[in-house]
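Everything on this sheet refers to the single structure shown next.
Just so it is clear, none of the values below were taken in a lab; they were calculated from the coordinates. No experiment lies behind these values; they were computed from the predicted model shown. So basically every Cβ, Gly included, is an ideal-geometry build from the backbone, and we count neighbours across all protein chains shown.
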Amino acid sequence: MSESIKRVVLAYSGGLDTSVILKWLQTRYGCEVVTFTADLGQGEELEPARAKAELMGIKPEHIFIDDLREEFVRDFVFPMMRANARYEGDYLLGTSIARPLISKRLVEIAKQTGADAVAHGATGKGNDQVRFELSCYALNPDIKVIAPWRDWSFKSRTDLLNFAEQHQIPVPKDKKGEAPFSVDANLLHSSSEGKALEDPWSEPPEFVYQRTISPMEAPDRATEIGAEVVTFTADLGQGDGDLEPARRKAEMLGIKDIRIVDLREEFVRDFVFPMFRANALYEGTYLLGTSIARPLISKHLIDIAARTGAD
């Protein structure tokens, strides 16, 4: 396999995992690596990912940092909300809805740069590996997908840190300890999972929350929440059709004294092993917005169907 891989497009964040993956791809396959970093409104500076990729020998023309917020909202978020889409009836799609878009761009960049493979940093015990890989194969059945967490010998964060030290991959001091949890964030929400949340009998510790505060810390006054039916339209030829109103709505709904707590999600492991359950904590606009809007939209749809005789 190593002889057939000449160039790989890596979904790259600049963090420990994907930086180790970058170097591992270079050493394992002797291939050229193209990095792709997506701006999905996660609220963090992305330019350090460019600097780190350059430091690790990636050519400037092979570093892609793309602002996908507009396309994310227009082509993925709004259709999802219109469909009231949820997984298994409860699991909210704030994380998963972004994966097909990232995969789409990975495949496009692979075609643009002449790469014959793409790579992602999803683990071998979660659903993201399925989302990334099936999306890529749907768009290009001939593309090779490399999933290092299923292929390499590393078993822990300590192994990654040792590899990083061996290959002089810079790791900030505050990232050298064992991470108590991991966070995925975008315009819609943030989701947290990991060691600090694995015990279903324990309340999530306060430091896990990213966008909300404890009710004990909330103001001692009532907060009124109103629901408004808004129709968003996008001129597909324009670059600023939906993002700004969506961002304003997100800010309006991102009320600090409302908390959506944790859910238990079915995970698939290695595409083969039986599913298992794990805790995850979800916060954000999508959760609050759908909690309010979903019953209202359903009620209005039923009313309209009754008035118009629709079946």
Calc'd 3J(HN,Hα), the stretch 37-44, phi into Karplus 6.51 cos²θ - 1.76 cosθ + 1.60 (θ = phi - 60°), Hz, glycine/Pro = x, comes to 10, 9, 8, 10, x, 6, x, 10
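What ranking do 159-167, 79-87, 110-118 get when scored by the average of other Cβ atoms within 10 Å per residue, highest first?
Packing proxy ranking, top to bottom: 110-118, 159-167, 79-87.
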Under Stokes-Einstein, the stretch 1-148 at 25 °C and 0.890 mPa s, with its Kirkwood radius over C-alpha pairs, diffuses with a coefficient in µm²/s of 155 µm²/s
Honestly the stretch 77-135 on the Cα gyration tensor test (a ≥ b ≥ c root eigenvalues; a/c under 1.5 rounded, otherwise a/b vs b/c for prolate or oblate) is just oblate
For the stretch 1-101, averaging the sequence separation of alpha carbon pairs under 8 Å that lie six or more residues apart and dividing by its residue count, the contact order in percent is 23 percent
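For the stretch 33-82, go through all pairs of different Cα atoms, get the mean of 1/r, take its inverse, and jot down that Kirkwood value in Å. Please report the intermediate quantities before stating the final value.
Values: mean 1/r = 0.0825 Å⁻¹.
Hydrodynamic radius (Kirkwood, Cα only) of the stretch 33-82 equals 12.1 Å.
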